[in-house]
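A short reminder: the numbers here are calculations on the coordinates, not readings from a lab. The model shown is predicted, which means the values in this text are computed figures rather than measured ones. Positions of Cβ are backbone-derived with ideal geometry, glycine not excepted, and every protein chain shown enters the neighbour counts.
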Amino acid sequence: MTATSITTIPINNPFLEHLGITLTEWSPGYAEMHLDTSYDLSNRTGRIHGGVICTLLDSVCGYCGLYSPPGEPILRSLTLSLTTNFISSGDGSTLVAKGFLVRKGRSVFFARAEVWLDDIELLATAVGTFKYVRA
């Protein structure tokens, strides 16, 4: 399954859009992003660059704590910390990042994330702390 065959939600993030990352699911406490793999995203060993995986982990963690229903004010946050664990690597066509809200406070929230290759092989996990940015 590729990100181009899935309905996407406006991501409103120029960097993520430039990379080709799409937001495919977004609900209270959950976010899912997809990125089709390509040679341009690889490192010297030919595998997906760790920075790409970290970007997905950070982004999906952040978005899972920022859902607001249509018509409600847009929420924004900054990453305070992100701890990552690289578990595996492989060849495939789509990176699938899943973010889960762990706990939400008034100014800070905690989240965890996973990046899967073709939704089959777990490549990396993360836990993060995020601070809400008020308008």
Worksheet item: Over the chain, what is the mean sequence separation of C-alpha contacts under 8 Å (at least six apart), divided by residue count, expressed as relative contact order in percent?
Response: 25
Practice prompt. Mind listing the long-range amide H neighbours of D119? Cut-off is under 5 Å, sequence gap 5 or more, other chains count too, H placed in the peptide plane at 1.01 Å from N.
Written response: V96
Practice prompt. Can you check what the net charge comes to around G92, using other residues whose Cβ is under 13 Å from the Cβ of G92 (Lys, Arg +1; Asp, Glu -1)?
Written response: -4
Response to the item:
Computed ³J(HN,Hα) along segment 55-66: with the Karplus parameters 6.51/-1.76/1.60, θ = phi - 60°, integer Hz and x for glycine or proline, the list is 4, 5, 4, 4, 5, 5, 4, x, 5, 5, x, 10
Discussion item. For the chain, what does the helix formula give at 222 nm: sum of -39500 (n - 2.57) over DSSP H segments with n ≥ 4, over the residue count, nearest 500 deg cm²/dmol?
Written reply: -4500 deg cm²/dmol
Worksheet, complete the sentence: So, with points 7 Å from each Cα along the Cβ direction, the A135-D118 label distance in nm works out to 4.4
Worksheet, complete the sentence: Counting sequence-distant residues (5 or more places) and residues on other chains, those with an amide H built under 5 Å from that of S77 are V133
Worksheet item: Quick one, which of [x] 16.4; [y] 14.9; [z] 15.9 is the actual Kirkwood radius over Cα pairs in Å calculated for this model?
Response: [y]
Discussion item. Net charge around F109, counting only other residues with Cβ within less than 9 Å of its Cβ (Lys, Arg = +1; Asp, Glu = -1)?
Written reply: +3
Worksheet item: If we count other beta carbons within 10 Å of each Cβ, what is the order of H18, H34, fewest first?
Response: H18, H34
Discussion item. Expected output is a single nm value to one decimal: the length gained when fully extending between D40 and E17, i.e. 0.36 nm times separation in residues minus the C-alpha distance. What is it?
Written reply: 6.8 nm
Worksheet item: Once amide H atoms are built 1.01 Å from N in the peptide plane, which residues 5 or more positions from E25, or in another chain, come under 5 Å H to H?
Response: E32
Practice prompt. Step through the residues of segment 33-47 one at a time and calculate ³J(HN,Hα) from phi using the Karplus curve (6.51 cos²θ - 1.76 cosθ + 1.60, θ = phi - 60°), rounding each to whole Hz and writing x for Gly and Pro.
Written response: 10, 10, 9, 6, 6, 7, 4, 4, 9, 8, 9, 5, 8, x, 9
Worksheet item: Within a Cβ distance under 11 Å of K131, other residues only, what is the Lys/Arg minus Asp/Glu net charge?
Response: +3
Discussion item. With θ taken as phi - 60° and the coefficients 6.51, -1.76 and 1.60, list the Karplus ³J(HN,Hα) couplings across segment 101-107 in order, rounded to whole Hz; mark glycine and proline as x.
Written reply: 6, 9, 7, 10, x, 6, 10
Worksheet item: By how many nm would the segment from I74 to I9 grow when fully extended, if each residue of separation counts as 0.36 nm and the alpha-carbon distance is taken off?
Response: 22.0 nm
